[in-house]
Amino acid sequence: MRRVSVFGATGSIGESTFDLLMRQGGAEAYDVVALTAGRNVARLAEQARALKPDVAVIADEASLPALREALAGTGIATAAGQAAVAEAAHRPADWIMSGIVGAAGLEPGFRALQHGTTLALANKESLVTAGPLLMAEAGARGATILPVDSEHSAVFQALAGEDMAAVETVTITASGGAFRDWPLERLARATVAEASTHPNWNMGQRITIDSASMFNKALEVIEAHEFFGLTPAQVEVLVHPESLLHALVSFRDGGMIGHLGAPDMRHAIGYALNWPERGHLPVARLDLARIGRLTFSAPDPHRYPALRLAREVMATGGLAGAAFNAAKEIALDAFIAGRIRFTDMASVVEETLDRLSGRESLGKRPGSLDMVLEMDRSARRVAAETLAELAAAERT
Ligand code: NDP
């Protein structure tokens, strides 16, 4: 039986993965090794009772007694803490879903690659913070990374059997998020609730807000550059409000291959789960005659400063991606907590990168996990200082 683990099992990606595993035979068809969550004990225990993993791991240490109680008598081992989550990635598995949100997803994915597994990578932060490290580790250990972000899965599918030397550009599409049509001057007053609604996709809160600010697309541009080995100039973004065409690859003979599908992550997850085969998946089929038309436009740089910041990060290279992501996570936390305005997020990230730009380490190639984690911590500290100064300036 195929051995599978799901990291971030209780999140939006994790639930879709759980749904597909259950539809494809559940515990009868898969030897489930590990399921992990952040703090949602009740849901993790329900999933564990259904999929019967060897171990269920909760990142929040205080939740261990509750998890133990919820799984008493099942024979499923339990563990808690961030280190236990990373430890679970050392348990041999053939296929692992990397579905934790944020930089916390990096270490488990990296550990899994060290065992030569197939890593279904939804956690885009891994490639943004440590792309060269992960790609080198996968190459050295004979591991396979399959992209799960819908745009990157689309590019991966469009590239099947193609020669990378014939690729001119790769275009990933963006819905434009919740505020695509808002007047620019209204953006500063956008609330957390308004930013947490996506026009087409049903996702976790953090990625939904990142879609409204385009920080999500900024991360994806860097992710595409790292994963497919493209130059920054080869990665383009197109606003496509319908979210049906996920990506386009343009070749040197003038041809373009695009990937269309309903906005349902179970396609990209299922593609990675069944790869290299194509299994039957429970996603809606597109009726293009009814849809009638698809629309496209160039992203407005004034509305989406995050895209410019991504270009600067790629130009710097090295650990700049780790700094960018960490600053973005701090700024996003502050917005969710009501401490800063929606438009301040980009300012905090830009200011953090500016302050770090004098440091020689910023452009250094990420040669180890420790280097990445150290830059992550530094950038969080600098972003927190930037936030404190912003708050002080507002008070005066
Ligand atoms: P969610 O917030 O819905 O879920 C995150 C998961 O990670 C949950 O299981 C959560 O546990 C767990 N988690 C949170 N913090 C920690 C931590 N510190 N340590 C261990 N586990 C933790 O996120 P999404 O599913 O939306 O996104 C997951 C990843 O996939 C992100 O990187 C995102 O960018 C990417 N992605 C998501 C898409 C989507 O459609 N949602 C599409 C493409 C990419 P708990 O539930 O207990 O909090």
**Report entry** Residues (within 16 Å of Ile96 (Cα to Cα), more than 22 Å from the chain's Cα centre (by Cα) and within 16 Å of the ligand (Cβ to nearest atom)) located in the range 18-46
**Finding:** Val32
**Report entry** Count of the range 248-281 residues which are open to solvent by 40 Å² or more (accessible area, probe 1.4 Å), out of contact with any strand residue (DSSP E or B) (no Cβ under 7 Å at 6 or more places or on another chain), touching a residue at least 12 places away in the same chain (Cβ under 8 Å) and more than 16 Å from the ligand (Cβ to nearest atom)
**Finding:** 1
Query raised in the report: Out of (1) charged (D, E, K, R); (2) within 18 Å of the chain's Cα centre (by Cα); (3) surrounded by fewer than 23 Cβ atoms within 10 Å (Cβ to Cβ), what's the single condition that is false for Glu151?
Result: (3)
Requested in this report: Would you check which residues across the range 143-179 are assigned to a helix (DSSP H, G or I), closer than 25 Å to Ser16 by Cα and more than 16 Å from the ligand (Cβ to nearest atom) and list them?
Outcome: Ala158
Report task. Could you please let me know if Ala112 is more than 23 Å from the chain's Cα centre (by Cα), of a type in the set (A, V, I, L, M, F, W, C) and open to solvent by less than 10 Å² (accessible area, probe 1.4 Å)? Result -> no
Report summary line: In the range 56-81, residues that are more than 11 Å from the ligand (Cβ to nearest atom) and assigned to a loop (DSSP other than H, G, I, E, B) total 6
Report summary line: Subset of the range 4-17, residues touching a Phe, Trp or Tyr at 6+ places or on another chain (Cβ under 7 Å) and near the ligand (Cβ under 7 Å from one of its atoms), comes to Ala9
Query raised in the report: If you scan the range 342-368, which residues turn out to be modelled with pLDDT under 95, among the small types (Gly, Ala, Ser) and assigned to a helix (DSSP H, G or I)?
Result: Ser361, Gly363
Query raised in the report: Can you name every residue in the range 2-20 that is among the small types (Gly, Ala, Ser) and either in contact with a helix residue (DSSP H, G or I) (Cβ under 6 Å, 6 or more places away or on another chain) or buried (at least 23 other Cβ atoms within 10 Å of the Cβ) (or both)?
Result: Ser5, Gly8, Ala9, Gly11, Gly14, Ser16
**Report entry** Which listed residue, of Arg339, Arg293, Arg311, is open to solvent by 30 Å² or more (accessible area, probe 1.4 Å) and part of a helix (DSSP H, G or I)
**Finding:** Arg311
Query raised in the report: Quick one: Leu390 ticks every box in (1) open to solvent by 60 Å² or more (accessible area, probe 1.4 Å); (2) touching a helix residue (DSSP H, G or I) at 6+ places or on another chain (Cβ under 7 Å); (3) at pLDDT below 95 bar one, so which box is it?
Result: (1)
Requested in this report: Please enumerate the residues belonging to the range 230-283 that are part of a loop (DSSP other than H, G, I, E, B) and closer than 30 Å to Thr316 by Cα.
Outcome: Leu230, Thr231, His240, Arg252
Query raised in the report: Only one residue in Glu69, Glu87 is farther than 30 Å from Ala323 by Cβ, open to solvent by 10 Å² or more (accessible area, probe 1.4 Å) and either among the charged types (D, E, K, R) or modelled with pLDDT under 95 (or both). Which one?
Result: Glu69
Query - Residue identified as part of a helix (DSSP H, G or I) and within 14 Å of the ligand (Cβ to nearest atom) among Glu87, Glu137 - result: Glu87
Requested in this report: Exactly one condition in (1) more than 26 Å from Ala138 (Cβ to Cβ); (2) open to solvent by 20 Å² or more (accessible area, probe 1.4 Å); (3) more than 16 Å from the chain's Cα centre (by Cα); (4) not charged (D, E, K, R) is not met by Pro232; state its number.
Outcome: (1)
**Report entry** All positions within the range 180-218 that are of a type outside the set (S, T, N, Q), assigned to a helix (DSSP H, G or I), closer than 19 Å to Val128 by Cβ and open to solvent by less than 60 Å² (accessible area, probe 1.4 Å)
**Finding:** Ile207, Ile209, Asp210, Ala212, Phe215, Lys217, Ala218
Report task. Given the conditions (1) open to solvent by 10 Å² or more (accessible area, probe 1.4 Å); (2) under 20 Å from Met375 (Cα atoms); (3) modelled with pLDDT of 95 or more, report the number of the one that Lys52 does not fulfil. Result -> (2)
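The values are calculated or read from the model by the stated rules, or taken from the named source; none is laboratory data. For clarity, every value in this text was computed on a predicted model and none was experimentally measured. Glycine gets a Cβ as well: all are built from the backbone with ideal geometry, and neighbour counts include every protein chain shown. Note: areas computed on protein heavy atoms with side chains; ligands, DNA, RNA excluded. Shrake-Rupley method; radii C 1.70, N 1.55, O 1.52, S 1.80 Å.
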